[in-house]
Amino acid sequence: MVEAIIVELSETAAQNLGVETLYTGGGDVPIGATSYDVGSGPNLLAIAGSAASDGTDATLGQLATSSLLASQGLVAGFGDFTGAGNFAGILSAVANDQNSNILSTPSVIAMDNTLSKLLVGQEIPITTGESLGSSNVNAFRTTSREEVGIKLEVTPQINEGSSVILTIKQEVSSVAGTYASGVDLITNNRTIETTVLADNGQIIVLGGLIDEDIQENISKVPILGSIPLIGKLFQSSSSQVIKKKLFVFIRPTILIDSDSINELSAEKYNFIKAEQLSRESEINLIDLTKSN
């Protein structure tokens, strides 16, 4: 029996900081403004336009309301854009942190010198070719199926002295982003292929796959955005750091005879049975609480 523990530690940290400004000059019509795609902040131009029209412009009013409702993090406004010769601005700041610990514990029983495979995942369609034909007549598309998820392939070889040579292929794959019609799928794939020697019952770590992606984006007004301190009023910045660590632990256990197999099967069965009884007890307790 070959047991595996796949642990993926994922950490994502994102920060957005933007300042939008507007100068009305001698009338209500803006003569100067800065606007950035900060993503999580309100739209200053839409808000100013809606205020200048006293709410009579339904389109600007809807844009202003939508941008305010979609705002995240800290949003602070200053100044006054309803009069003449006024300077106003909106500061928006937001930070997002996401942590995940994906733990999978696949196990498989394999014969000596026999390949065993295990898959926990799904099959996704991948477009391999398409043709529209003349005037979209006889259009067709060909696809293939690709397995995505956690795959474990192992070939054990038992040696003298209760040691085991393991030829292992471990793969963790997933679909990047969300599916959109007409857009090719992008898959993430992390694979370990190796041959190791382990004693009976020994836990070994195959290795850690570490991936770190840092993305920074700064939008600013030329010259003004480069001035120390004051330049922050004329720029918008965003940064994202994605860290992923994958660890794979393997433990082989030699099953010598039918007694050891029966003992293992009974242990797994009792564990599942205990989990089922525990869940049933929790459900009955919840039902009893609701009835009271």
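Just to verify a result, which residue in the stretch 115-133, among those that are at pLDDT below 75 and open to solvent by 70 Å² or more (accessible area, probe 1.4 Å), is nearest to Val175 (Cα to Cα)? Across the stretch 115-133, the extreme among qualifying residues is Glu130.
Residues of the stretch 244-278 being open to solvent by 80 Å² or more (accessible area, probe 1.4 Å) and not in a helix (DSSP H, G or I), which ones? Result: Lys245, Arg251, Ile256. Somewhere in the stretch 67-76, is a residue open to solvent by 50 Å² or more (accessible area, probe 1.4 Å), farther than 30 Å from Pro222 by Cβ and modelled with pLDDT of 70 or more? Yes: one or more hits. Val175 meets each of the listed conditions (1) hydrophobic (A, V, I, L, M, F, W, C); (2) touching a residue at least 40 places away in the same chain (Cβ under 8 Å); (3) more than 30 Å from Pro125 (Cβ to Cβ); (4) surrounded by fewer than 16 Cβ atoms within 10 Å (Cβ to Cβ) apart from (3). Quick check: is even one residue across the stretch 228-237 out of contact with any strand residue (DSSP E or B) (no Cβ under 8 Å at 6 or more places or on another chain) and assigned to a helix (DSSP H, G or I)? Yes, the stretch 228-237 contains a residue that is out of contact with any strand residue (DSSP E or B) (no Cβ under 8 Å at 6 or more places or on another chain) and assigned to a helix (DSSP H, G or I). Here Ser10 passes the criteria (1) crowded, with 16+ Cβ neighbours inside 10 Å; (2) modelled with pLDDT of 75 or more; (3) of a type outside the set (Lys, Arg) except the one numbered (1).
The values are calculated or read from the model by the stated rules, or taken from the named source; none is laboratory data. All of these numbers come straight from a predicted model, not from anything done at the bench. Every residue, glycine among them, receives a Cβ derived from its backbone with ideal geometry; neighbour counts consider all protein chains shown. Remember, those area values only see protein heavy atoms, side chains included, never the ligands or the DNA or RNA. Shrake-Rupley method; radii C 1.70, N 1.55, O 1.52, S 1.80 Å.
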